[in-house]
Each structure stands twice: as structure tokens, then as C-alpha cells.
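Below is one structure, written out as C-alpha cells; the observations come after it.
The values are calculated or read from the model by the stated rules, or taken from the named source; none is laboratory data. Since the model is a prediction, treat every value here as computed from it, not as a measurement. Cβ sites come from the backbone with ideal geometry, for glycine too, and all protein chains shown count toward neighbours. Keep in mind that these areas ignore ligands, DNA and RNA; they rest on the heavy atoms of the full protein, side chains included. Shrake-Rupley method; radii C 1.70, N 1.55, O 1.52, S 1.80 Å.
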Amino acid sequence: MIEVVKSLQSINWNLIPIELAFLVNRVITEATGNPDPFKELRRKSNDMALKIYPELKKVVESSVDRLETAIRLSAAGNSIDFGAYVQPDLHESVQRAMREPLSINDYEEFRRRALEAEHMIYFLDNAGEIVFDKLLIETMLDVRSKPFKSITLVVKGGPALGDVIPEDVRYVGLDKLPNTRIKCVSNGVEGTGPSMSSEVVRGWIREHGLRVFKGQANFETYDDETDSFFILMVKCPIVARAIGAPMGSLILKHSR
């Protein structure tokens, strides 16, 4: 913690929040001598979510509107977050997602675009949570009754706290979805990919008809992207003010 505080004394205040997290991750990596200090925690999170995956799938399949239910569960899965301002309980979040409406719910537009789009880009967030994203994408494919021509999954190119990296995508089987490819953005270390806010990544976004951003960090980074969908749980007061919903809210927001 002392080293983290020292490193924050000389930061550039124009950094986006996720870049501060990368800075903290770099300090932890250097202090521990471990290039991936959260590896075991990511694996446990993936295993925890995979264990309840069959139950979640049954919930979706037995619901009146499978796609909306899968979106609710995906938003609830955003409670898995090692770096969150608060640490919501996953079980309670899932139960609440089933009994309460989304605080912001642009579902009709999402459904329309999910049925029509040929190419989807999906910015993943945390390990464990990606099992809920897998269920959502599978449900989208089922409702469409046809595959996307391409699904681009965007992850970090190297370890960064609990964020998804390519090995997590393969571990939970997301790479087995049809026409799927993985693209990597930087984790703050040179050589791991282009910066999240770079024009290169913005170009990737514009190539896709359906754009889905998962979690707070992606909302903080890409909230200026028009015609995009954000799925998240509100976990800090600043995001709550920015998005116009209370702490703990589950969100499906379309940026018009």
C-alpha cells in the first residue's frame, strides 16, 4: 500500500480510471516478484461461476423472455470484481436480478440490434463474470437462430488484477462460440496491445454493428461511444452520478 501511494504522487491526472488500476497492478507485480499475482483468484472465480452455470442456463431456458433474463444475469455477474469500490454478494445479485427491473433498461433496442447485426464486438471485464457473458452470447445466438459472421472478444493482453486475459476466455470455453476471435488491448505494459483509448481500438469498435461494453471500467472508458450498449452493476458513487442510477443498480444502457 505504501508503494501504491508513492506511485500515485506523480500520476498524470488525464489518465482514465482503468489506467490507474494498471499502475496499481504494476506496483503489486514488482513488489511481489510475481508477473500474475491474481492468477489463482481468477481461476477460482472462473470455477465458481462455471459451477453454477448449469443452474443459470436452466433459469434462462425456463424464462418468458430468455434474452432479457440472460442480460439481467450478465449484469448481476458484474458483481465479481476484485477492484470494486464495494464487493456485492454474487448470490444476492443474481436473486435481485430475477425479481427487480433493471434501473436503466434499453432492452427493446438491444434485442432489435442483436437480431439484425452481422458483426458483434464484446468488451469483456472480469474473470468469473465471463461465464455470465458466455451465457448471454449463447442466448443471443439461440434467439437469432443463426451465428454472427464474427464475434470479437476484447480482453487485456496481459494480467491486470482480475481482468480477463486470453487464457480465461479459453478456460471457460468462450472461444468455442462460432466465428469468434480474440483481440487484446494493453494492460499498461508495453507489447500487450494498443491502449484502450487509442484510435486503433476505436477503429475496431466502428467495424461492428453491435457493440457491447461490460462493466464499469469499460463504461468509464467508452461512455462517449455512440450507438453502443453498456451492461454493468453500478459500484461507485461517481459512476452512479454519471449514469444517473443509484449504487447497486443493474444497467443495460444504449448510448444514442
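Restriction of the GluC sites (Glu not before Pro) in region 183-240 to DSSP coil positions whose beta-carbon has at most 14 other beta-carbons within 10 angstrom yields GLU190, GLU207. Once the chain from GLU100 to VAL5 is taken as fully extended at 0.36 nm per residue, the excess over their C-alpha distance is 30.3 nm. In the chain, Cα pairs under 8 Å separated by at least six residues give a relative contact order of 23 percent. Prolate is the label for region 1-144. Its Cα gyration tensor axes, ordered a ≥ b ≥ c, give a/c of at least 1.5 and a/b above b/c. Here is the P(r) of region 100-253: all C-alpha pair distances, binned every 10 Å from 0, give 11, 41, 39, 9, 0 in whole percents.
Please label the shape of region 178-227 as rounded, prolate or oblate, based on the square roots a ≥ b ≥ c of the eigenvalues of the alpha-carbon gyration tensor (a/c under 1.5 means rounded; beyond that, a/b larger than b/c means prolate, else oblate).
oblate
Overall, the anisotropy analysis places region 2-51 in the oblate class: the square-rooted eigenvalues a ≥ b ≥ c of its C-alpha gyration tensor yield a/c not less than 1.5, with a/b not exceeding b/c.
Per residue, how many Å² of accessible area does region 160-199 show with a 1.4 Å probe?
46
With a threshold of 28 Å on the Cα-Cα distance, the over-threshold entries among LYS44/LYS176; LYS44/LYS146; LYS146/LYS214; LYS6/LYS253; LYS57/LYS235 are LYS44/LYS146; LYS6/LYS253.
Based on DSSP H segments of at least four residues, each scored -39500 (n - 2.57), the chain has a per-residue ellipticity at 222 nm of -14500 deg cm²/dmol.
Counting only protein heavy atoms and using a 1.4 Å probe, what share of the accessible area of the chain belongs to carbon plus sulfur, as a whole percent? Spell out each step's value before the answer.
Details: 6250 of 11660 Å².
On the chain, the fraction of accessible area on carbon and sulfur atoms equals 54 percent.
Please express the shape of region 83-170 as an equivalent ellipsoid: the semi-axes are the square roots of 5 times the eigenvalues of the C-alpha gyration tensor, given largest first in whole angstrom. Can you show the working numbers first?
Working: eigenvalues 110, 87, 24 Å².
Equivalent ellipsoid of region 83-170: 23, 21, 11 Å, largest first.
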